[in-house]
Structure formats: structure tokens, C-alpha cells
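**Student:** Right, I'll just put the structure down here and ask away after.
The values are calculated or read from the model by the stated rules, or taken from the named source; none is laboratory data. Just so it is clear, the model here is predicted, and its values are computed rather than measured. In this analysis, Cβ positions are derived from the backbone assuming ideal geometry, glycine residues included, and neighbour counts consider all displayed protein chains. To get the accessible areas, we keep the full protein, side chains included, count just its heavy atoms, and leave off ligands, DNA and RNA. Shrake-Rupley method; radii C 1.70, N 1.55, O 1.52, S 1.80 Å.
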There are 2 protein chains.
Amino acid sequence: MEVSLSEIKYDANGLVPVIVQDADTNEVLMLAYMNSESLRLTMEKGETVFWSRSRGELWHKGATSGNIQRIVEIRVDCDEDTLLVRVQPAGPACHTGERSCFYRGI
Amino acid sequence: MEVSLSEIKYDANGLVPVIVQDADTNEVLMLAYMNSESLRLTMEKGETVFWSRSRGELWHKGATSGNIQRIVEIRVDCDEDTLLVRVQPAGPACHTGERSCFYRGI
């Protein structure tokens, strides 16, 4: 079953949350956000391109660090307002150098 | 390394996105939202309690369906604005009856 791009529901800021998961280990790496342009670029490049909410700009993950995330698969949830992107990461997902951003418990 | 509850950063609506992952299979099941009260109740009950944005009320997952999600671990991301909850689910996560809400590709 497939969902078309036009069915994706963006929030009031034009964004959709994106869960990034390692396609080999199934480890959850990070949560980020895409707008429609970054999703289009993600599909075009085959690498994750997010919208940086803090910087207010497109963010091609790994463009400077080299830690790109190659797209294996993009999945959509039941109400089409969240994406799950399964990737092969070239390096750590987290700016701290940790493989996953979720390296701490509560 | 541990994060204290008071460090969690809620958005303008008082919510934090929560990735729910099966602790046994590492499958990503769903994305939902918690406010501080639902997080407190989640920790108290040892089962997921979300904030339903559509209904505007607390939502004890599985309270009516029986498909509760028993908490194994709660993790926090690097900027403390997303939670990863690893669970043992008693049944499907999705209201469609699918095990995961991410049952479709794009």
C-alpha cells in the first residue's frame, strides 16, 4: 500500500515530524522535521534533507560533517502526519558525536 | 547518563513528541504526544498515557482496546524536546489493527 506525496498532512508551520531509523540495526537515531520542499529534495537526492526550525533553513544532513543518511525507505503513518525514514547513516546522527540522539535515559 | 523531568522542553502547546518503539523487535510503532501530566502518569502506571490532540484529553493507550503498552525504558534526545519510549505492546499500536502505524510506503 502506498501514500502519494499530496496526501501528507503538514502542520500549521508547514512541517511534518520525521523519525529517522537505522535500516540495518533498527535503532532510532533522531527526530527532525521536513517541509514539502525538503521532502522533495530528500527523494531527489536519496539523502535526508530536513527543515531546521532553529536556523529557519533547509538542512542537508551531513553536508558539512560528511555524516549523510542514505534513504532506504520512507514510510507514512495512518493519519499521514508523521514520516518514518529508514536510512544507512555514514556516521553519527547526533551533533554530540553519539550514534543516536537518544543516548540518555530519564 | 540521565535527564531529569524538569529538563524536558515542551512546545508552545505544552507538548513533546513521543516515538513509541517495540523494545523486543525495535519496530517503530507510532508517534504521539505527551504533556507533563501524561508523562507523569506514564511513569506512575508504567504504561503509555498520551495527550490526544484531536480529542483534547488524556489518552491512556489501551484503556478501552486492551492494547496497552508497558514501559520498558524512556529515553530523551540531545536537546530534550523528543522522547523515545520503548515498550512491550499487548496488541496492535494502530487503530487500523496494524501492529505499527507506519504500514504504508510513500
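**Student:** Which parts of the range B:3-32 would a label at B:ARG70 reach, counting a residue when its backbone N lies under 17 Å from a point 7 Å out along Cα-to-Cβ?
**Tutor:** Those under the cut-off are B:21-26.
**Student:** Give me the distance in nm between label points sitting 7 Å out from Cα along the Cα-to-Cβ direction at B:ASP24 and B:ARG99, one decimal.
**Tutor:** Here the answer is 0.9 nm between the modelled labels.
**Student:** Using the C-alpha atoms of chain B, what convex hull volume per residue, in cubic angstrom, is computed?
**Tutor:** Dividing the Cα hull volume of chain B by its residue count gives 123 Å³.
**Student:** Sticking with this structure for a sec: Counting Lys and Arg as +1 and Asp and Glu as -1, what is the net charge of the other residues whose Cβ lies under 14 Å from the Cβ of A:ALA90?
**Tutor:** +1
**Student:** If we hang a label 7 Å off Cα along the beta carbon direction at B:ASP81, how far is it from the matching labels on the other copies, in nm, shortest first?
**Tutor:** 1.8
**Student:** Which percent of Cα pairs goes in each bin when the distances of the protein assembly as shown are cut into 10 angstrom slices starting at zero?
**Tutor:** Calculated P(r), rounded to whole percents: 8, 36, 39, 16, 1.
**Student:** Per residue, how much accessible surface does chain A expose to a 1.4 Å probe? Answer in Å², no decimals.
**Tutor:** Per residue, chain A has an accessible area of 47 Å².
**Student:** I need the inter-copy label distances for B:ARG53: point set 7 Å along Cα to C-beta, values in nm with one decimal, smallest first.
**Tutor:** So the distances to the same position in the other copies read 1.0 nm.
**Student:** First measure r as the distance between the Cβ atoms of B:SER54 and B:GLU2, then evaluate 1/(1 + (r/R0)^6) with R0 = 30 Å and state the FRET efficiency to the nearest 0.05.
**Tutor:** 0.35
**Student:** Further question: Using the 7 Å Cα-to-Cβ label point, sort the distances from A:ASP24 to its equivalents in the other copies shortest first and give them in nm to one decimal.
**Tutor:** With the label placed 7 Å along Cα→Cβ, A:ASP24 yields 2.7 nm.
**Student:** Using protein chains only (no ligands, no nucleic acids) and a 1.4 Å probe, work out which residues of the range B:11-29 have their accessible area cut by at least 40 Å² relative to the chain alone.
**Tutor:** B:ILE19, B:ASN26, B:VAL28
**Student:** Here is a further query. Hey, what angle do you get for helix B:36-45 against the long axis of chain B, alpha-carbon based, 0 to 90 degrees rounded to 10?
**Tutor:** For B:36-45 against chain B, the angle is about 60 degrees.
**Student:** Let's see if you can work this out: charge +1 on each Lys and Arg Cβ, -1 on each Asp and Glu Cβ, no other charges. What is the dipole magnitude of chain A about its Cα centre, in debye to the nearest 20?
**Tutor:** The dipole magnitude comes to about 440 debye.
**Student:** Provide a whole-number value for the mean count of partner chain Cβ atoms within 10 Å of the Cβ atoms in peptide A:78-85.
**Tutor:** The shielding value for this peptide is 5.
**Student:** Right, next: Given the rotation relating A and B, tell me which residue in A puts its Cβ closest to the axis and the distance in Å.
**Tutor:** Closest Cβ on chain A to the axis mapping it onto B, in Å: A:ASN26, 2.
**Student:** Same structure, new question: Could you please state, rounded to a whole Å, how far the C-alpha centre of the range A:35-55 is from the C-alpha centre of the range B:1-60?
**Tutor:** Here the answer is 26 Å between Cα centres.
**Student:** Total accessible area buried between chains A and B, 1.4 Å probe, in Å² to the nearest 100?
**Tutor:** 3200 Å²
**Student:** In a Gaussian network model over chain B where Cα atoms closer than 10 Å are linked, find which of B:GLY91, B:GLY46, B:GLY66 has the largest mean-square fluctuation.
**Tutor:** Largest GNM mean-square fluctuation: B:GLY66.
**Student:** Over chain B, what is the relative contact order in whole percent, taking alpha-carbon pairs under 8 Å and six or more residues apart?
**Tutor:** 27 percent
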